[in-house]
Amino acid sequence: MARRRLSQEEVDLWNKVVEKADRLNPAHVEESHATSLPKPKPAKALFEPLPEFSVGQKAGAKPGRNSLKPSITQHLSKMPVQMDHKAYGRMKRGKLKPEGRIDLHGMRVDTAHPALTRFILSSQASGKRLVLVITGKGKDRDEPGPIPTPRGVLRNQVPQWLSLPPLSKAVMQVTPAHLSHGGEGAYYVYLRRIR
């Protein structure tokens, strides 16, 4: 393919642009700009050296170090206590007896959510303060993949549902249940009084 020659108009336009442009001189830099720039950090400070490793050696990674999202139990334990601290302590130790319970274990998400909503709102309307929501611990997934899937769909969804309207107005506190009431497969839900 032959190279196209520039027309006279294109050459004239280019010459006008060259006449009006200022020439850049990289050797000439104003001192005020040069002193205001931060000095680059040495490469050693940016990167840690990798530890020695030989074939057959165990990696020694700490469990949970690579998890991106904290577990539901960790998230709920960091939530501020909204109820009486003494009652909260007794509830966490399993000393308070739940006044009602719902078992969502084995339900699908589309049936569990309306059932939970009905149960929480009717429990609050009847004057109950502490109820037990059983979700189950969930099954281990057989299909490992690049995207980690949390164990137990309902176990992860129920605290989110309880924090959204209309349930958020009825719920004062959510915490994992004591081992005597189901442990990690259940939640205590402390309800507000209707005023």
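The values are calculated or read from the model by the stated rules, or taken from the named source; none is laboratory data. Given the structure is predicted, the values throughout are model-derived calculations rather than measurements. Every residue, glycine as well, gets a Cβ built from its backbone with ideal geometry; the counts of neighbours run over all protein chains shown. Just so you know, the surface numbers come from the protein's heavy atoms only, side chains and all, with ligands and any DNA or RNA stripped out. Shrake-Rupley method; radii C 1.70, N 1.55, O 1.52, S 1.80 Å.
Brief remarks follow.
- Inter-residue pairs, beta-carbon under 6 Å, first among the polar types (S, T, N, Q) and in the stretch 112-123, second open to solvent by 10 Å² or more (accessible area, probe 1.4 Å), 6+ apart: SER123/GLY100
- Extreme residue, farthest from the chain's Cα centre (by Cα), among residues of the stretch 73-83 that are farther than 23 Å from LYS137 by Cα, of a type outside the set (Val, Ile, Thr) and surrounded by 12 or more Cβ atoms within 10 Å (Cβ to Cβ): MET83
- When each of PRO176, PRO165, PRO150 is tested for being modelled with pLDDT under 85 and either open to solvent by 80 Å² or more (accessible area, probe 1.4 Å) or touching a helix residue (DSSP H, G or I) at 6+ places or on another chain (Cβ under 8 Å) (or both), the lone residue that passes is PRO150.
- Residues being loosely packed, with under 11 Cβ neighbours inside 10 Å and either closer than 17 Å to ARG193 by Cα or at pLDDT 95 or above (or both) - total across the stretch 86-110: 0
- Meets criteria (modelled with pLDDT under 65 and of a type in the set (Val, Ile, Thr)) for VAL29: yes
- Residue, surrounded by the fewest Cβ atoms within 10 Å (Cβ to Cβ), within the stretch 179-189, restricted to residues that are within 18 Å of ALA115 (Cα to Cα) and in contact with a Ser or Thr (Cβ under 8 Å, 6 or more places away or on another chain): GLY185
- So SER71, is it more than 16 Å from GLY185 (Cβ to Cβ), at pLDDT below 85 and of a type in the set (S, T, N, Q): no
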